[in-house]
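For reference, the structure is listed below as structure tokens.
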Number of protein chains: 4
Amino acid sequence: MPSEYRFRRRVQFYETDAAGLVHFSWYFRYMEEAEHALWREAGLSIHPPHGEIGFPRVSTSFEFHRALRFEQEFDVHVRVAAMTKRSIRYTCVLSDGDSKIATGTLVTVCVRRHADQAMTVADIPPEIAARIQVAPDA
Amino acid sequence: MPSEYRFRRRVQFYETDAAGLVHFSWYFRYMEEAEHALWREAGLSIHPPHGEIGFPRVSTSFEFHRALRFEQEFDVHVRVAAMTKRSIRYTCVLSDGDSKIATGTLVTVCVRRHADQAMTVADIPPEIAARIQVAPDA
Amino acid sequence: MPSEYRFRRRVQFYETDAAGLVHFSWYFRYMEEAEHALWREAGLSIHPPHGEIGFPRVSTSFEFHRALRFEQEFDVHVRVAAMTKRSIRYTCVLSDGDSKIATGTLVTVCVRRHADQAMTVADIPPEIAARIQVAPDA
Amino acid sequence: MPSEYRFRRRVQFYETDAAGLVHFSWYFRYMEEAEHALWREAGLSIHPPHGEIGFPRVSTSFEFHRALRFEQEFDVHVRVAAMTKRSIRYTCVLSDGDSKIATGTLVTVCVRRHADQAMTVADIPPEIAARIQVAPDA
């Protein structure tokens, strides 16, 4: 039952902007990569082919401490900070060795998708809730 | 019955890369913006909410003549170059006044999407084929 | 001296994801489009060709209230919420008529870029500070 | 002296679109990831911090054979198909086992970047030309 996930990654050229830095929108994608990898680690997919359950975002944030540049390597470390019946809160740290690059948060809510595209908030199914846990010291 | 579409657009910061130019992957998105606007001009949506018909890409290309930079304005001009029972071929020119920036092509094929996610090639429905036409001198 | 900027925009296909919604990373790009348009309204560019001054992001956040889907139109409204000698804080509301879609914040800091790629925090140059003002009731 | 590069990759959620497939603009980014990894394999960076040499794109294309979906794994295989004094031509195959997903091409030209942002075509510097070679049977 994973409560966190960590991977190392390299900045791709298409993630940089004309200021020579990674564009800030990409940090949210790095965080999401780790979130989805945590789910795979738990034996789950956050978006299975015919699933009716989804986890849209309620809120998210990032604080940026250091710049990231083309081809730089860095770690993405996401942790489950809190779980309720219907939502999951993650925290995320981007770093390179002792150097902290950025700190993020992400709150997702469990919804059921209906045939007419409407979504209603729903309890996290037990087969999902049983496979992800809150990080011990989160 | 439109056969072409033209619009003016400005380069956004997130479209640039560390070389200070628009990343080449964006030209394909500019072309697609024009393709979808042409469909709207025809009273159609290329991806209506519950549609079973789709137009995945078969092939695409771009030749790049001049660079694009942050905040530069340019025109996107897409034309229907050919239509068969099952496919549409577009050509696209990006320019700024007399200056030609890039030239692209896009071939799409009509498919029917099935419940199991499979897609099979299908005739373009008459209500679509009747609303889009090949550009006269394409 | 603008203190806010508002524009209407349509969801592009490449901004959507497999859940059928705009991917959450795009909201930050919508906010940035409005930020840069506000600067143009003030007669400025946030990234002029040979500028040594830049405005990297210190922190940013979004709360998501409603989903956005392909071809949906919506308004982006950004306001200057606060300015100090060295930083600018924006708030942003995405909406469609009376329907609030999302609410964001963005804090940027003024830096001077050096030849060795280092950046040091700097006072906002007077020619910039004189052209942007805090929104009256922000 | 590498002449090709191959890596395995997984589709990220933000690379998909509302049709449930990888957006076609992403294939060009996959190809570029392999191009830049080939350069690193050769002990080079295609965009070093203070470099005056660049490799903007002259032309590029893709043919799409099969769809890619969220979390699908696939191989990206790029090869140096041709080199002249001033340009490099790559071919690229995306595949999963025996299943061919897409086939791409990319032509880049060597330029020298000047202080005024102008770029002029230049010979590929010998320290680069000596480290990359054309694939034997390309």
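What follows draws every value from the coordinates through simple rules; no lab data is involved. Every value quoted in this text rests on a predicted model; they were computed, and no experiment measured them. Positions of Cβ are backbone-derived with ideal geometry, glycine not excepted, and every protein chain shown enters the neighbour counts.
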Check: Which of the following residues is facing another protein chain (nearest Cβ under 10 Å) and of a type in the set (Phe, Trp, Tyr): B:Phe74, B:Phe62?
Finding: B:Phe62
Note to self: Between D:Thr84, D:Thr91, D:Thr103, which is surrounded by fewer than 17 Cβ atoms within 10 Å (Cβ to Cβ) and either β-branched (Val, Ile, Thr) or within 10 Å of chain B (Cβ to nearest Cβ) (or both)?
What the structure shows: D:Thr84
Checklist line | Unmet requirement for A:Arg40, which otherwise passes all of (1) closer than 26 Å to C:Ser61 by Cβ; (2) free of Cβ contacts under 8 Å to residues at least 24 places away in the same chain; (3) more than 14 Å from chain C (Cβ to nearest Cβ) | finding: (1)
Notebook entry, point to check: Taking segment A:36-54 as the search range and keeping residues that are out of contact with any helix residue (DSSP H, G or I) (no Cβ under 9 Å at 6 or more places or on another chain) and more than 16 Å from A:Arg8 (Cβ to Cβ), which one is surrounded by the fewest Cβ atoms within 10 Å (Cβ to Cβ)?
Noted result: A:His50
Next item on the list: Within segment D:120-138, identify whether any single residue is among the basic types (Lys, Arg) and either assigned to a strand (DSSP E or B) or in contact with a helix residue (DSSP H, G or I) (Cβ under 7 Å, 6 or more places away or on another chain) (or both), and answer yes or no.
Entry: no
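Yes or no, residue by residue, for (1) among the hydroxyl-bearing types (Ser, Thr, Tyr); (2) within 19 Å of A:Arg9 (Cβ to Cβ):
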| position | (1), (2) |
| --- | --- |
| A:His77 | no, yes |
| A:Arg89 | no, no |
| A:Val93 | no, yes |
| A:Gly97 | no, yes |
| A:Thr108 | yes, no |
